[in-house]
1. Of the options B:P183, A:T299, A:H61, report the single residue whose Cα projects farthest towards the positive end of the charge dipole of the protein assembly as shown (beta-carbon charges: Lys, Arg +1; Asp, Glu -1).
2. Where does helix B:145-159 land angle-wise versus the long Cα axis of chain B, in degrees 0 to 90, nearest 10?
3. Using alpha carbons only, what's the Rg to Rh ratio of segment C:97-158 with Rh from Kirkwood?
4. B:M1 versus A:A193, label points 7 Å from Cα toward the beta carbon: distance in nm?
5. Tilt of helix B:55-91 relative to the longest C-alpha principal axis of chain B, in degrees (0 to 90, nearest 10)?
6. Given Cβ point charges of +1 (Lys, Arg) and -1 (Asp, Glu) and nothing else, what value in debye, to the nearest 20, does the dipole of the protein assembly as shown about its Cα centre take?
7. So if I take the centroid of the Cα atoms in segment B:135-199 and the same for segment C:168-194, what is the distance between those two points in Å?
8. How much length is gained on full extension from A:K477 to A:D50, taking 0.36 nm per residue of separation minus their Cα-Cα distance?
Amino acid sequence: MIRRLFLLATILAAAVALPARYAFAQTSNNELRFALRADPKTFNPLLMADEPSETVSYLTHGVLIRINRATQQLQPELATSWKVTEGGRKITFTLRQGVTFSDGTPFTSADVVYTFTSMMDPKLHSPIADTFQVDGGPTTAHANGKYEVTIAFPAPVAGLERLFDQAPILSASASGKEASPGLGPFMLAEYKAGNYVLLHRNSHYWKHDAQGKQLPYLDAVRLEIVPNRDLEMLRFAQGELHLINNLDADSFERMAAQNGGASNSARDLGPSLEGEQMWFNQVAASPLPDYKKAWFRSTNFRRAISGAINRHDLTRVVYQNHASPGVGPFSSANKFWFNANLKAHPYDPADALRRLQLDGFHKSGPDLVDASGHVVEFSVITNAGNQSRERVAAMIQQDLKQIGVHLNIVTLDFPSIITRITQSFDYEACLLGLVNVDLDPSAQMNVWMSSGENHQWNPAQKTPATAWEAELDQLMKKQATELDPAKRKAAFDRVQEIVSEQVPFLYLVNKNALTAVSPALGNTQPSVLRPQVYWNAETLTLAAPAAGSKQLAMK
Amino acid sequence: MTRTMARAILVLTFLAAILAPWIAPRAYDHQYRQAVNASPSSQFPLGADNLGRDRLSRLLEGARVSLLLAPAAAALAVLLAAIVGILSAYLGGVWDRLIMGAVDLLLALPWLFLLLAVRAVLPLNVAPRLSVTLTFLLLGALGWAAPARVVRAQVRALLDSDFLLQARALGISPARVLTRQLPPNVAPVLLAQFCVSVPAFVLAEASLGLLGLGVSEPLPSLGSLLRDLESLPALHASLFQQAPMEMAAMLAPAAFLVLVICSFQLAFPQQEICS
Amino acid sequence: MEVPLFFTRVSVDYPGKPGVLKNVALDINAGEIVGLVGQSGSGKSTLALAALQLLRAKGVQASGRIDFQGRDLLRLPENEMRQIRGRDIGLVLQSPLASLNPALRIGAQLREAWEAHARGTDAEWQAHVRELLESVSLPSDAAFLRRYPRELSVGLAQRVLIASAIMHRPALLLADEPTSALDAITQDEILELFARLSRLRRMAMLYISHDLASVASLCHRTAILHQGEIVEFEETSRIFSHPSHPYTRRLVGTLHLGDREFA
Ligand SMILES: Nc1ncnc2c1ncn2[C@@H]1O[C@H](COP(=O)(O)OP(=O)(O)O)[C@@H](O)[C@H]1O
Ligand SMILES: [Mg+2]
């Protein structure tokens, strides 16, 4: 608490000191500025695992295929075309010609081969390599001439093209350097630890606009390291930063209110891929008493609890309507894969009690008791420090009290939660966030396969514990091997249906993507997919002296 | 005069804390979901919090939790500190060095991890009231090391004092010196340590809450209510002018805590012997 | 010649400060008042503390011998020594206010001193304390006994201290600069009190002072302590009329000079 107060003091001090700094920060009129939450841990794109590193890599490196964040369609980048063969085992790229790296060296198939060979080198421990490692076997790359490369997977991968959106291409001639030349719109110019990362325009960038003008339009991008959201908002309000991604609802509302309702900078982009979910522990070997195991393994019980939760209240009270009731693993933000026939479980306490009665639960005074007379009380663990999540838990607590269920909320530090849900299984229910970075269900094999490590409610089963989990296994395998997108879609639609019926996860809310975009920023096309506002960084423009800075000068 | 007033305030706050369930206008945990963030009104004298719960009722309940448990924890800590501090100073020499070494070690231990470990072995289905009681007792059981140093220093000074020398010169036995002559002189230090520990524990409980070790929903404590202030820096300064009532309502728990702490300091005689 | 009541031949070294007392030879006869004069730091208090074996607590051991009523105090075990303190030898420390327990009422402090060597009913105590306080010219009402030391003047505090030191009618009273903190009038009153007590109770006394003038009226004999050594030990009148040691001469000289100046 004391540290918090100290933080408060620091922020206030910084707020006072800012206007003076502002004058110096205004060095280039055509420089985009936004905040990183921390220093990038690496400038080697193959080693990045943290968001700041990913941001730098996204802006400085090119990929073969890009997922267009607006249309969610694949879009040729460094590869002009590609062909998937051998039932999804191989992909052959035709590379763009006449492209040069930021250091002027030409881009050829050698660079692609070099990139994938380095990435798959087990000594490097590249986090990206994991997504390319199907069934444990390595993925290989070889050139078929100067502008053609084939990547071979050990087993068929459905929708494998999308993986290449995550694979930045390095220069073979600059092996060993950490900050290697890239094929992105910007290049690393300066890094001051704890302060900023400065990117300059890559004058060798290959893209041109419709008029033939070379991109990017911006001269530079300054990534300011601002460790704190409040400070970030303050600096945005003063015109020092041009955009904020991933605002939470409270900050968003505050920003909208400060702008006097003219929400030209606070933008709600609609449903994102992120939400909150809760699940019950169904692990047979868990240290829970048998009667509780029986509750949690009952579909009626889980469905009843889900229906006793007022999701509309959650979205209204905690997210101030910048969220919608959670439906399933994907929201409507995922244009292709979302099963639009599904609805969120409606709030219906009477129906919940009816379902519970099917299992022999009944009311005894204000309490709900099970068939053998145990009062229904359970705990939900969640991570400490996430205020909106704690509020979600408190609201569920009151909702469940209505049907006589006692919920104890236990906030724990993250490592303890991980230990409990992956090793000791000493928990009853768990409430955590749901983050999807990948649009394709293949990325969720580990979640839905009963043998999966991330099959949270009952991980790493030898054989599926229930018939519906067996069916999930089949459907997931099917969508992973099937190449016809329509058939894949049908299989995954059924997965979403089963999940909605069997309720292994209680999807609570689906959050909207909330951003702040300076009016000075042009050509914006904010997307609900990461990296929201700056995904089309090469075509963003900045209007000369922003209106915000004039206001500041008058103060 | 000030002292009388401080004492009156203390009595009133403690009465309010004890009687919270009877005098609170509403249930502290009921969420009036149509009144989320409601401004102060006759229905919600201090407004409603971000889940629509009555702020005044929560303040009273929070005071009840913190003002009954923090003094208990402080008393425990000070009692342990008195025993260790007096023994260490009186035994002197090797014992003194051994005991103070142990105290230093204790102060240097990464308490957070120990507390986390303790939380890890607690059962999950613990009633909020019980878990917050345990938290405070833990704070008390662990919080004695720093006051023990102060007590020891004070006792060392007392043992060198003229009046204890005079007492010995009068033939008064060591046992009598230890039980009759020394304690009334250590008492002001203990009282001071107690007064310092109470607010420290209230705040410690608040920061433990960030680690999931403090009070759990829906029960409030003064500490957990203070956590609401974290969103203050983000609140624009103009809010002071636009909505002074809301600001005042938000600051109520902090103001209340400051009032109680100040009253604590003023209610008891100032000690001549400061350490 | 009779055996003196009190007789020393004692040396004291403090850790880091050797030779604070160098074979100090002093004798006091029963009922006799002996003055001990020396400037600050000459070792006067050290001698008083050594006599009651109170240096032990400071980790200091006195060597030589200190005879009292035929026993060598330096060789007495602590439990026997404790019986002598306050009962046979009384001590009044240097600063009256600091020597009273600030957290105890006067009545309680006196009773503690009484119970160190006596047992008795409340009534007996009441009678004893009334007589005691009257003997040192202090009020003996309940209100006075309920006071705390901080509510007393230095003079009153000094009398309380003297009362607790003579509570058990000791044969010897060691008074360490009992008047140095007092104004001139109170000083005279205390000196008178000492003279009367010594006379009435046949109590021997070591009157310690850094100021030769106060010794003149009270003491039969006077010892001059200089840098840990007794440089002169004579009838008080002889010290004034025929100071032999250069240091004594200087002391007496300044005294006359002072007299003339303020005459
Ligand atoms: N605890 C002690 N440790 C070391 N030196 C001491 C200690 N107490 C007194 N002394 C020294 O011994 C000398 C005599 O002290 P003291 O007997 O108090 O002198 P006096 O009473 O004549 O002023 C002084 O020089 C003093 O500094
Ligand atoms: Mg002295």
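1. Sorting the options by dipole projection puts first B:P183.
2. Tilt relative to chain B: about 30 degrees.
3. 0.94
4. Those two pseudo-labels are separated by 6.0 nm.
5. 10 degrees
6. Using only the charged Cβ atoms, the result is roughly 500 debye.
7. Spelled out, the Cα-based centre of one part sits 33 Å from the other.
8. Full extension of this stretch gives 150.7 nm more.
A short reminder: the numbers here are calculations on the coordinates, not readings from a lab. Here the structure is a predicted model, which is why all the values come from computation and not from measurement. Because the Cβ atoms are built from the backbone with ideal geometry, glycine has one as well, and the counts that use them run over all protein chains shown.
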